[in-house]
Amino acid sequence: MQVLNSFSRLMAITIICFAGCVTAYGQGTATLFGTVKDAAGKPLPGVNVAVLGKSGGMATPGDGKYSITVPSDTSIIVRFTSIGFNSESINLNFSNGESRLLDIRMTISSTPLPEIEVKDKRRDNLTMVPIDPKTISVLPNTTGSFEAVLKTFAGVVSNNELSSQYSVRGGNFDENLVYVNDIEVFRPILVRSGQQEGLSFINPDMVSAVSFSAGGFDAVYGDKLSSVLDVKYKTPTKFGGSAYASLLGGGLHLEGVNKSKNIKYLFGARQKSSKYLFNSLETKGEYKPSFSDVQGLFTWSLNKKNDLTFLGNYSSNKYEIVPANRQTEFGTINQALRLTMYFEGQEVDQYSSGTGALSFTHRYSDSSWVKAIGSYYQSIESENFDILGQYYIDELEKDLGSDNFGEAAFNLGVGSFLEHARNSLDASIYNFDLKAYKEREHGTWQLGLQTRLENISDKLSEWEYIDSAGYAIPHPPDNIGQASDPNQIIEFQEVIKTDTTLNNTRYAAYVMYSFNFGSQNQFALNSGLRASYRSLSEELLWSPRLSLSYKPEWKKNFLFKLATGVYYQPPFYREMRDFDGKLNTDLKSQRSIHFVAGMEHTFLAWGRELKFVSELYYKKLDNMVPYKVENLRLRYFANNKSSGYATGADFRINGEFVPGIESWASLSLLKTMEDISDDYYYTYYNSDGQEIIPGFTFNDTPVDSVKTEPGKIARPTDQRVTFSVFFQDYLPKFPSYRMSMTLVYGTGLPFGPPGNDRYKDVLRYPSYRRVDIGFSKTIIEEDEVKNFRFKLANKLKYFSIGLEVFNLLQVNNTVSYLWVTDVTDRTYAVPNYLSARTLNIRLNARF
């Protein structure tokens, strides 16, 4: 009832907020109705009827009839479109309140779809999926990052709404390639949690095109194991811009050209403050997050054949917290527990990074060019904290008839801990790339060379001290109660003290040839070879990659795909650093062999065109580096002792379920396992044949032991089922009132107790369940004739106000566990929950 009452209040607030925004700025309306028929006079279902430049519209039902509301007192274009028929566009003008009959006859198209254009796209991007960049502006999103769109795609997993990181088909966060205008993007190394993570590199307001591959990608893309996200920024043709503001931050972007049209600029600035969102977390205190960045893309056309482009980015991210207290209830119905904690101290983390990239492009013709790129990336990171915590573990009264039901019945233990860190890292990466593209009559060649220099300096100094019931854990057994003993010592846990420097050079080259063949070019083939060399390990690696598509003549609305390839990931600094902070510079490259088979089917349902995409995949993994996941922190074992596989199936259906706007649903099935060599343990037995459990077995003298090898265990990203939905809708008679919703469900991921024993990670997180919803009212439409009293408003192309509800169902999703110990040395896993239900108000404008 509490959830229903809260939701009722939420809907009431929404209606009140939007009620005042209605027609003070709007125009009059009219009604256009009629019937759409074919050349023979038969009614046509599935014809999209819409006003050009306006949201809304409808698809004709079985009788071919339509009725739409249109603006009055202005010239409009009404467009009728349907697959296999020539589109019809009619210029009309209506007076206020007018109703007009207009019957339409549509003729069959002699060329039923520009198949040549489709084949060109298949030739170069067989495994890449295009993404509409406008989606991010309507997607309910706590981070403001473009990557939030990916989290609703098949094969992509992210169980943390505070972070922009994601894993793909059993991989981890470090296995994804991200490019912006052919520049590889990097992320901070020391980040431990989503609260610390700032803005992602990609500025959604500056994006013009995006494509994504979840596996089997081409040789033109670099050396990572799982996925690639390829982003292109806009090329401005005139002055314009956009701005947004919300309770979580704001941003501004400007674009334009000079009078002679040879200099183009694109600029963006963002500021993010998640304090409002962090206040919904269980740890209460004084949060001071501050994340901001500025980006600029400047292009100088030297002449018709030569361009000089500079892309620059600077990001400053600071996270401060002075924690005060925390209370978490957990356990089961039979044993309900409560953890109460009080804190002293603070944490201050800073991540500052900058990117500068200069590129020169020479075009020999429209179909051939050469591009040289030089880029520099630097990240200066630090994390400093001293947190003293005192905790109480209580069992709660479970008797429903008791007056103290839900209150603490008795105490199970008390304790304290002290966490300390003074860590700093400075990373510099230099890249030099040369790319060439040549399109010929029968195919396309692409060539590339790359040199990368990596310089990293890292100083780690961190430790943890745990004290429970008045003595240190672990403690010297002989010193219990001997406070005056000069040999008594206090032992720290997780002690890491290192000062390391890493220098490495990488070289890479690739060649790819793409062509179509068959009687009607129904086949498309991309074949490529990538080679790489790394100075530290002196490895020379060869990575062949192949993708094939087939569009059968007997069914033009089907497309079949196959892709395979060998993918290597040379170790970066994070993979080489073990649990103690030491570097293994002899670490070899991880390898994944991809096998992907897919099918696309375009069909009509409910009078609308929809697309169904399915893919089956298998990835053979060897020479892998085992790791454990702690929130966003990946802790590697810094060895190549793991081998395994990832296999599964991805399904996605998308289209205009509501006329004029796209929605989709995705389902992913996954199983990924690994076998770690030399991963075994012993079970000891006493003379009575009992298993010896330290602290519990009276006779703890071992006389026998059994060696156990765990064999294949689930990898940390083994999320068996993931289901997600992105849905948009609007009120049919009032299309300026819109709604967008994301729903994500994922089964639990594996986890285990602290330490470096991977075979103990056999527990599972609870399922991740989250619904975010947004309501918006468009005040000013695109291409609308504006006649407002405020002159500034007449300069706006678009303006909207929105209300977002994050975590609508108020589900406590678990991101990690805090392990606390009582006096009996019993350990409790206390869940760390993500954000609770939160409201956000957002304003969007374009000019």
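In debye, nearest 20: dipole of the chain around its Cα centre with unit charges on the Cβ of K, R (+) and D, E (-)? The partial results should precede the final answer.
Details: 88 positive and 93 negative charges, 967 e Å.
Dipole about the Cα centre, nearest 20: 4640 debye.
Determine the relative contact order of the chain: mean sequence separation of Cα pairs under 8 Å and six or more apart, normalised by residue count, in whole percent.
Details: 2246 pairs, mean separation 87.6, N = 847.
Rounded, it is 10 percent for the chain.
For segment 379-395, take each phi angle, set θ = phi - 60°, evaluate the Karplus expression 6.51 cos²θ - 1.76 cosθ + 1.60, and give the result in whole Hz per residue in order, putting x for glycine and proline.
3J(HN,Hα) across segment 379-395, in whole Hz: 10, 10, 10, 8, 9, 9, 8, 9, 10, 9, x, 10, 10, 10, 10, 10, 8.
Among the GluC sites (Glu not before Pro) within segment 319-415, which fall in a DSSP loop and have no more than 13 other Cβ atoms within 10 Å of their own Cβ?
Loop-located and lightly packed - 407.
Taking R0 as 25 Å, what FRET efficiency do you get between residue 397 and residue 827 from their Cβ-Cβ distance, rounded to the nearest 0.05?
Numbers: r = 24 Å, r/R0 = 0.94.
Efficiency, rounded to the nearest 0.05: 0.60.
Under the 0.36 nm per residue contour assumption, what length would be gained going from the current alpha-carbon distance of residue 314 and residue 288 to full extension?
Details: separation 26, 0.36 × 26 = 9.36 nm, distance 2.03 nm.
The span from residue 314 to residue 288 would gain 7.3 nm if fully extended.
Mind ordering 96-105, 235-244 by average Cβ neighbours within 10 Å, highest first? Mind showing how you got there, number by number?
Values: 96-105: 12.6, 235-244: 15.2.
The densest-packed peptide leads the list: 235-244, 96-105.
Please compute the length gained on full extension between residue 263 and residue 132, using 0.36 nm multiplied by the number of residues separating them and subtracting their Cα-Cα distance. Before the final figure, lay out the partial values.
Working: separation 131, 0.36 × 131 = 47.16 nm, distance 2.66 nm.
That pair, residue 263 and residue 132, stretches by 44.5 nm at full extension.
If packing is taken as the average count of other Cβ atoms within 10 Å, what order do 810-816, 562-568 fall into, highest mean first? Can you show the working numbers first?
Details: 810-816: 18.4, 562-568: 20.3.
Taking the mean over residues of other Cβ atoms within 10 Å, the ranking is 562-568, 810-816.
Using a 1.4 Å probe over the heavy atoms of the protein chains, calculate the carbon and sulfur portion of the accessible area of the chain as a whole percent. Intermediate values should be presented prior to the final figure.
Working: 22150 of 39160 Å².
The C+S portion of the solvent-accessible surface of the chain is 57 percent.
Viscosity 1.567 mPa s, temperature 4 °C: give me the Stokes-Einstein translational D for segment 581-690 in µm²/s, with Rh taken as the Kirkwood radius over C-alpha pairs. Walk me through the intermediate numbers first.
Numbers: Rh = 18.3 Å.
Calculated translational D: 71 µm²/s.
What distance in nm lies between label points placed 7 Å from Cα along the C-beta direction at residue 79 and residue 531?
4.9
If amide hydrogens are placed 1.01 Å from N in the peptide plane, which non-local residues have theirs closer than 5 Å to the one on residue 194?
Counting only residues 5 or more places away or on other chains, the set is 632.
Just grab the label-to-label distance for residue 767 and residue 811, each label 7 Å out from Cα along the Cβ direction, in nm (one decimal).
Spacing of the two 7 Å Cα→Cβ label points: 0.7 nm.
Measure out, as a whole number of angstrom, how far apart the alpha-carbon centroids of segment 69-108 and segment 510-542 sit.
Distance between centres, Cα-based: 49 Å.
For the residue pair residue 579 and residue 453, what label-to-label distance in nm results when each label sits 7 Å from Cα along the Cα-to-beta-carbon direction?
Result for the modelled spin labels: 3.7 nm.
Taking a 1.4 Å probe, which of 338, 758 shows the most accessible area, and what order do the others take after it? Before the final figure, lay out each step's value.
Values: 338 30, 758 5 Å².
Most to least solvent-accessible, the answer reads 338, 758.
What share of the DSSP beta bridges in the chain is antiparallel, in percent to the nearest 5?
Expressed as a percentage, antiparallel bridges in the chain total about 95.
Quick one, what does Rg over Rh come out to for segment 393-455 if you take C-alpha atoms and the Kirkwood Rh? Provide the component values of the computation, followed by the final result.
Details: Rg = 32.3 Å, Rh = 19.5 Å.
Rounded to two decimals, Rg over Rh is 1.66.
Determine the sum of side-chain charges near residue 542: Lys and Arg each +1, Asp and Glu each -1, restricted to other residues whose C-beta is under 13 angstrom from that of residue 542. Numbers along the way, then the final one.
Numbers: positive: 530, 545, 591; negative: 223, 539.
Taking every Cβ under 13 Å from that of residue 542, the sum is +1.
Using r as the Cβ-Cβ distance of residue 635 and residue 597, and R0 as 56 Å, what FRET efficiency do you calculate, to the nearest 0.05? List each step's numbers first, then the result.
Numbers: r = 35 Å, r/R0 = 0.62.
Computed FRET efficiency for residue 635 and residue 597 comes out at 0.95.
Enter the accessible area per residue of the chain (Å², integer; probe 1.4 Å; all protein chains in place). All intermediate terms of the calculation are to be shown ahead of the outcome.
Numbers: 39160 Å² over 847 residues.
So the chain comes to 46 Å² accessible per residue, rounded to a whole number.
Show the residues, 5+ positions off or on another chain, whose built amide H is closer than 5 Å to the amide H of residue 638.
none
Separation of segment 246-262 and segment 433-468 by C-alpha centroid, Å?
About 29 Å separates the Cα centre of segment 246-262 from the one of segment 433-468.
Scattering from the C-alpha atoms of the chain alone, worked out with Debye: what is log10 I(q)/I(0) at q = 0.09 1/Å?
Rounded to two decimals, the profile gives -1.03.
Rounded to the nearest 0.05, what FRET efficiency is calculated for residue 558 and residue 334 with R0 set to 60 Å and r the Cβ-Cβ distance?
Numbers: r = 55 Å, r/R0 = 0.91.
That pair, residue 558 with residue 334, gives E of 0.65.
Could you run the Karplus curve 6.51 cos²θ - 1.76 cosθ + 1.60 with θ = phi - 60° over segment 587-597 and give me ³J(HN,Hα) per residue in whole Hz, x for Gly and Pro?
Each residue of segment 587-597 in turn: 4, 8, 6, 7, 10, 9, 9, 9, 10, 10, 10 Hz.
Length gain on complete extension for the stretch residue 90 to residue 63, per 0.36 nm per residue less the alpha carbon to alpha carbon distance?
In short, 7.6 nm is gained.
What Kirkwood Rh does segment 189-281 have if only Cα atoms enter the pairwise 1/r average? Answer in Å.
Numbers: mean 1/r = 0.0611 Å⁻¹.
One decimal place: 16.4 Å for the Kirkwood radius.
List, in order, the whole-Hz ³J(HN,Hα) value for each residue of segment 604-620 obtained from phi through the Karplus relation with A = 6.51, B = -1.76, C = 1.60 and θ = phi - 60°; use x for Gly and Pro.
9, 8, 6, x, 10, 7, 10, 10, 10, 10, 9, 9, 10, 9, 9, 10, 8
The values are calculated or read from the model by the stated rules, or taken from the named source; none is laboratory data. Small disclaimer: the values here were computed from a predicted structure and weren't measured. Because the Cβ atoms are built from the backbone with ideal geometry, glycine has one as well, and the counts that use them run over all protein chains shown. To get the accessible areas, we keep the full protein, side chains included, count just its heavy atoms, and leave off ligands, DNA and RNA. Shrake-Rupley method; radii C 1.70, N 1.55, O 1.52, S 1.80 Å.
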